[in-house]
Protein chains: 4
Amino acid sequence: MNSIGNLFRLTTFGESHGPAIGGVIDGMPAGVKVDTELLQYEMRRRRPGQSNLTTARNEADMVEVLSGVFDGVTTGTPIGFLIRNTNPHSNDYDNLKHIFRPSHADYTYNVKYGIRDHRGGGRASARETASRVVAGAFAKMALKHYGIRINAWTAQVGDIALESEMTEEMLAETEKNAVRCPDSVTAARMEQLILSVKGEGDTVGGIVECRITHCPAGLGDPVFDKLQARLAAAMMSINAAKGFEYGDGFAMAARRGSETNDIFVPNNDGQTGDDRLVHTLSNHSGGIQGGISNGEDIRFRVAFKPVATLLKPQPTTDTDGHIVMSQAHGRHDPCVVPRAVPIVEAMAAIVLLDTLLSARAARI
Amino acid sequence: MNSIGNLFRLTTFGESHGPAIGGVIDGMPAGVKVDTELLQYEMRRRRPGQSNLTTARNEADMVEVLSGVFDGVTTGTPIGFLIRNTNPHSNDYDNLKHIFRPSHADYTYNVKYGIRDHRGGGRASARETASRVVAGAFAKMALKHYGIRINAWTAQVGDIALESEMTEEMLAETEKNAVRCPDSVTAARMEQLILSVKGEGDTVGGIVECRITHCPAGLGDPVFDKLQARLAAAMMSINAAKGFEYGDGFAMAARRGSETNDIFVPNNDGQTGDDRLVHTLSNHSGGIQGGISNGEDIRFRVAFKPVATLLKPQPTTDTDGHIVMSQAHGRHDPCVVPRAVPIVEAMAAIVLLDTLLSARAARI
Amino acid sequence: MNSIGNLFRLTTFGESHGPAIGGVIDGMPAGVKVDTELLQYEMRRRRPGQSNLTTARNEADMVEVLSGVFDGVTTGTPIGFLIRNTNPHSNDYDNLKHIFRPSHADYTYNVKYGIRDHRGGGRASARETASRVVAGAFAKMALKHYGIRINAWTAQVGDIALESEMTEEMLAETEKNAVRCPDSVTAARMEQLILSVKGEGDTVGGIVECRITHCPAGLGDPVFDKLQARLAAAMMSINAAKGFEYGDGFAMAARRGSETNDIFVPNNDGQTGDDRLVHTLSNHSGGIQGGISNGEDIRFRVAFKPVATLLKPQPTTDTDGHIVMSQAHGRHDPCVVPRAVPIVEAMAAIVLLDTLLSARAARI
Amino acid sequence: MNSIGNLFRLTTFGESHGPAIGGVIDGMPAGVKVDTELLQYEMRRRRPGQSNLTTARNEADMVEVLSGVFDGVTTGTPIGFLIRNTNPHSNDYDNLKHIFRPSHADYTYNVKYGIRDHRGGGRASARETASRVVAGAFAKMALKHYGIRINAWTAQVGDIALESEMTEEMLAETEKNAVRCPDSVTAARMEQLILSVKGEGDTVGGIVECRITHCPAGLGDPVFDKLQARLAAAMMSINAAKGFEYGDGFAMAARRGSETNDIFVPNNDGQTGDDRLVHTLSNHSGGIQGGISNGEDIRFRVAFKPVATLLKPQPTTDTDGHIVMSQAHGRHDPCVVPRAVPIVEAMAAIVLLDTLLSARAARI
């Protein structure tokens, strides 16, 4: 279905080439000053046409907030919002009406619903993620009250991976380049690769990494709503996501317990900057133990496949099952990863705020 | 919280050393003949003490079904069930009462709830997964009506990975060795590694791979309940899981669209054995496109960390924040992967059945 | 929260004097031809300013459908919709900004959220119900495929109650008078009463009765989602509703089992017009037994209190707790019942469709 | 489905004549001392065989708590519990195996699920409510921390209604007679009526009234989870319930706004015993305005029909649709109302606690 969250819940609607996309944010805590700057900043980070690395579709992505805010402050009532689709080139898709594009949702939507809006991918288009970024921005406004910060960046494009350990200084670099990699040298190589792949009419995959800092201990609701389970579901619901790992992730499969256990030590004089009794010397766990945050940084990574839409021709079938050639004329990203960075942050913020609110119910 | 699923929903309860664990299976479709053999078979696959690779705790894990079945057939009413804890050695844990074991849930449960049952890990113990296997067995009974089959196996232990592509013949080998790896040579090397690690008082991680065959196209509920999102949440809720990927997963980050797109071709004469109009030549997508199954095999992998409980001493803190040494006397698995195989299958079955039922609501 | 339903789910947003109200309909089955006529007809039935019995606020209540429909047919994706507020007189409410109006939600919203949009009652305004009527219209389009029909009417206004048993002929009369009472003589008396009460600056309560015909047996999900429990929750969520009863309702408290049991008899030659094996001679049960529809007409009644907004002065307190006089200058209904009729139908349709979809999951 | 509640959630299972009934209480706040006395007290109030007014089935209804409690204190983990069925007389029902008893759930369960456990009504038996009383007792333990008190009583049996306004002194009388009416004279007449009806092999309906005192203002989640909507759903899910009203309820249909508005006045010197700024002079609203508690007493009433099982013969059909005579040999209550009193309280407690926990999420 089209809702995520329990106490803080986003419901989205909208097709790529319909009149508008949008959603409802329910359970936004009352009393939060709305930071319009932040909202539009996040939208700009996700919007198409922001650089030569992204689709040429030019959408301003102006968010119209329709409810739930009064005198610039959230009221606790649902926030309805709208983003008009102003620049669809639906004709670009006329030739795809009767085609099942390879590795797209055309076939599966047809099988499930018996009908689909084929224009621009319809509901399956990544355009839907704009609504997620809106909700993520509101969640970030609330999380800010608790000092919680969420930062994602491009950790890999094709076979070019960021090698260095992330530092505060590096984080500040993330938004300075179009690929959103915090190391400018690696970023330049990634951009190079994306442009070269684009030139071939091809696409390339990558990895987004995310870090949540100053997250209080105690968030997450075992046994099925463990924090990592909620994060995984949120991330795997993003278009083109193929994998999720947290802490040391898949690498832990090859390791020993004695190498990966995180040793507790006293948090002397609050050296971590919070009032926890203890903290851990290492963070292989990625800030979550037993499905509940332990106060260390929460770290996770999301793998994205190469965009399925290619500008070079591919064989496929039409909706009658006959072999045809498919070739995109639409405007598409050669690599989703740069624009996925703010989406990953948004989904993380949505999950975190929901979990933070439910944690209030844990004790009498 | 302790429920998973919407139309087919499992709720579990129980601590490792309490009187019993169990749960309620709600939404089990009526009219399914209960296969008691299958139920106990699945329980045996998960139960402790089954081989020298697993914990020595000896639990028969006899399931008492308390409701929802009449004359050997499911009635559509909730299935309450119970597994008595018959072999707890709670005294093994007395010395851990005031200790936060490294990379365990001791600290986080204390922070969240202010109290915890420390015996055997309490609610955070993997013993809870026995209830999941019960529900998974019932789900499998229902899925069988549609020919859907779910098979998981050990794909990696430490740095020993199964290299060969899985075949039907190999699948039949999975249950023939204690490590549940379908290739007997690799299995032997894995067993060797686990025993060696165990001898050192250490533990080791690994990877479980799962394949769902004969899954109809059309399952999954975008945009937030995409099939992969549901599977990811279910898998990441299993104890010690650190990563999830489906199809070609993380490897797709390094690939091009032209390499990973799955080309549709006509399903001439129903060569796939079902009545789909088309099928795909490759399956990099892992059987899911746009969050909906496409009728190809669903393939995914789950990474597990090394068990945190070590038989060799480690420093940590007590509940007052003082440094102490921790050493387990309890009975623990040196590697969770062999026993995780049936748990992964169970969680997959739970998700699949729930999704199959909700797919019935897609059209008028 | 602001969502209702499980498989067919409505989420609403919007304040009375904000830019717009609207919502998202999720889970609308694919393949339903959208009946725009029906949609606008239902909106006209609920809209303000339709007669001298209702508020003078003049809203066209044009519904803008933003998604989920393609080529005039539902696609199974969420239906976002919007109704602009074109005729708010927010200044009418300036004097109420710091006042807790008697028996309104002013005080309770303030206590709960610490802030409220005071204009026109904000979120607590009955204007929100317009969104419910939109969803109800879509639900009706789907229910029509199964021949299910929902009709409500005004059964009581003040102390004037409709005495006669409802017939098909009478139902056809309901929409012919402004009060929506199917008996024209009683209707005239009711209108008289409402106008007289309105002249006094006062308001009056009433009862809406609803009948669902051709509802298949088997709908409802015991034990907590019994059909009557779902209907009760839906009805009691309507503004000003104070009571719900189904079948013979409260009157059954004074009766004997031998008087109120519904005797089963064979449905010879399908005399009921459906293929049930049996039917009942009487219908004290109101079409539901054990929480599940039995194929007879579903009958229930909803009591509405008099509107709290009076045009005559009343003492109350301001938001500082000081005694002040309150007098409405806004435009309000002297009696909600005539406009509640389509709202009751809408909520019934929403519940019915949701239940109909979930009933598909009952059996293997 | 068989769960109720969001943050505090009860899931029940079990058939009347199966091995056991029971459930899982999820979201019980940690840190509550378990009051075993209270638990068994509530069970005794509901259990069969407690007086000559109730069924002769003799069940001790001993509750076995299986999890979620450690050292006598709740841990925040789910509370699994069990009540063995020790005194079923399943043979009493052999003759009903192929019969649809009038106004029972036999027919509807058969239609919905295609199969049913006919013994003692199976899942549709009121025996299921024992699990609700368990959860209600735990909820009451938590609510006690906030001083919230819930009291229900028998307000009507047949045509004998309690006329007097309820006082604190009267409340203390409720449990002193078998019928649970706080006025001893009226109680005696009610008992007389029930015994007389029982002598005739007949049954009789009635009304339970409930009052929640010291409930803080601010509970309830508009617009669909208004407090009255949640209470209505909970009450209407109880076996034999036919109607719900709160505050002045159905009587308000005949009243004027000027008669039923509740005027706010200053809460001088905290005369209400709490720290609200204001309170109301009257309480026609029943303690809820706009779907949110206002701090006044919450008052509601639930109508129950006469029990459908009669000891005198009635015509009906068998499962082949042939006319047969039906006559109960089982043990049944001639009137459910006395035993419904603790069930109504339990359901109210479940809703209240859930709402109290979610209210914590309303503000930043």
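Excluding same-chain neighbours fewer than eight residues apart, the aspartates and glutamates reachable from D:Lys33 by a Cα-Cα span under 13 Å are D:Asp71.
With N the number of residues in the stretch A:231-274, Rg(Cα) / (2.2 N^0.38 Å) evaluates to 1.73. Over the stretch D:105-224, with a single point scatterer placed on each C-alpha, what log10 of the ratio I(q)/I(0) does the Debye formula yield at q = 0.09 1/Å? Log10 of I(q)/I(0), two decimals: -0.40.
Summarising the label geometry, the points placed 7 Å from Cα in the beta-carbon direction at D:Asp94 and A:Asp35 lie 7.5 nm from one another.
For peptide C:264-271, the mean count of partner chain Cβ atoms within 10 Å of a residue's Cβ comes to 4.
Could you work out which residue, out of C:Ala241, C:Ala137, C:Ala188, moves most in a Gaussian network model of chain C, that is, has the largest mean-square fluctuation with Cα springs under 10 Å? Comparing C:Ala241, C:Ala137, C:Ala188 in a Gaussian network model of chain C, the most mobile one is C:Ala188. Relative to the longest principal Cα axis of chain C, at what angle does helix C:129-144 sit, 0 to 90 degrees, rounded to 10? Roughly 20 degrees, rounded to the nearest 10. For the peptides D:318-327, A:206-215, residues were scored by their other Cβ atoms within 10 Å and the scores averaged per peptide; the highest-first order is A:206-215, D:318-327. Each residue of the stretch A:293-310 is assigned a 3J(HN,Hα), and the resulting list reads 5, 10, x, 7, 4, 8, 10, 8, 9, 10, 8, 10, 7, x, 3, 6, 6, 10 Hz, derived from the Karplus form 6.51 cos²θ - 1.76 cosθ + 1.60 (θ = phi - 60°), x at Gly and Pro.
So, R0 is 22 Å and r is the distance between the beta-carbons of D:Thr86 and D:His329; what FRET efficiency does that work out to, to 0.05?
Working: r = 20 Å, r/R0 = 0.89.
FRET efficiency, D:Thr86 to D:His329: 0.65.
Starting with the highest mean, order D:138-151, A:76-89, D:216-229 by the number of other Cβ atoms within 10 Å, averaged over the residues of each peptide.
Numbers: D:138-151: 20.4, A:76-89: 22.4, D:216-229: 25.1.
Peptide ranking by packing, descending: D:216-229, A:76-89, D:138-151.
If R0 equals 22 Å, the separation of the Cβ atoms of A:Ala172 and A:Ser282 corresponds to a calculated FRET efficiency of about 0.35.
Restricting the stretch A:304-364 to trypsin sites (Lys or Arg not before Pro) that sit in a DSSP loop and have at most 13 other Cβ atoms within 10 Å of their own Cβ leaves nothing. Ranked by the mean number of other Cβ atoms within 10 Å per residue, highest first, peptides A:95-103, D:158-166, C:116-124, D:50-58 order as C:116-124, A:95-103, D:50-58, D:158-166. Taken residue by residue and averaged, Cβ atoms of other chains lying within 10 Å of the Cβ of D:299-310 number 5. Taken residue by residue and averaged, Cβ atoms of other chains lying within 10 Å of the Cβ of C:289-298 number 6.
Please build a GNM for chain B, connecting alpha carbons under 10 Å apart, and tell me which residue among B:Leu231, B:Leu171, B:Leu310 fluctuates the most. Top of the fluctuation ranking is B:Leu171. A Gaussian network model of chain B, with springs between Cα atoms under 10 Å, assigns the largest mean-square fluctuation among B:Arg255, B:Arg132, B:Arg189 to B:Arg255. Of the cross-linked pairs B:Lys144/D:Lys112; A:Lys97/B:Lys140; C:Lys305/D:Lys112; A:Lys112/A:Lys312, those separated by over 30 Å at the C-alpha level are A:Lys97/B:Lys140; C:Lys305/D:Lys112. With label points set 7 Å from Cα along Cα→Cβ, the inter-copy distances at A:Ser164 are 4.6, 8.4, 8.7 nm, sorted shortest first.
Only the Cβ atoms of Lys and Arg (+1) and of Asp and Glu (-1) were treated as charged; on that basis the dipole of the stretch B:36-100 about its Cα centre amounts to roughly 200 debye.
Rg/Rh for chain A: what does it come to with C-alpha atoms and Rh from Kirkwood? Intermediate values should be presented prior to the final figure.
Working: Rg = 21.1 Å, Rh = 21.5 Å.
On the Cα set of chain A, Rg over Rh gives 0.98.
Please report the spacing between the Cα centers of the stretch D:320-364 and the stretch A:302-317 in Å, no decimals. Using only Cα atoms to place each centre, the spacing works out to 56 Å. Separation of the stretch B:21-58 and the stretch D:98-122, taken as the distance between their Cα centroids, equals 31 angstrom. What Kirkwood radius, in Å to one decimal, follows from the Cα pairs of the protein assembly as shown? This gives a value of 32.7 Å.
Since every read-out is calculated from the coordinates, none of them should be taken as a lab result. Keep in mind the model is a prediction, meaning the values are calculated, not measured. Note that we place each Cβ from the backbone using ideal geometry, even for glycine, and neighbour counts take in every protein chain shown.
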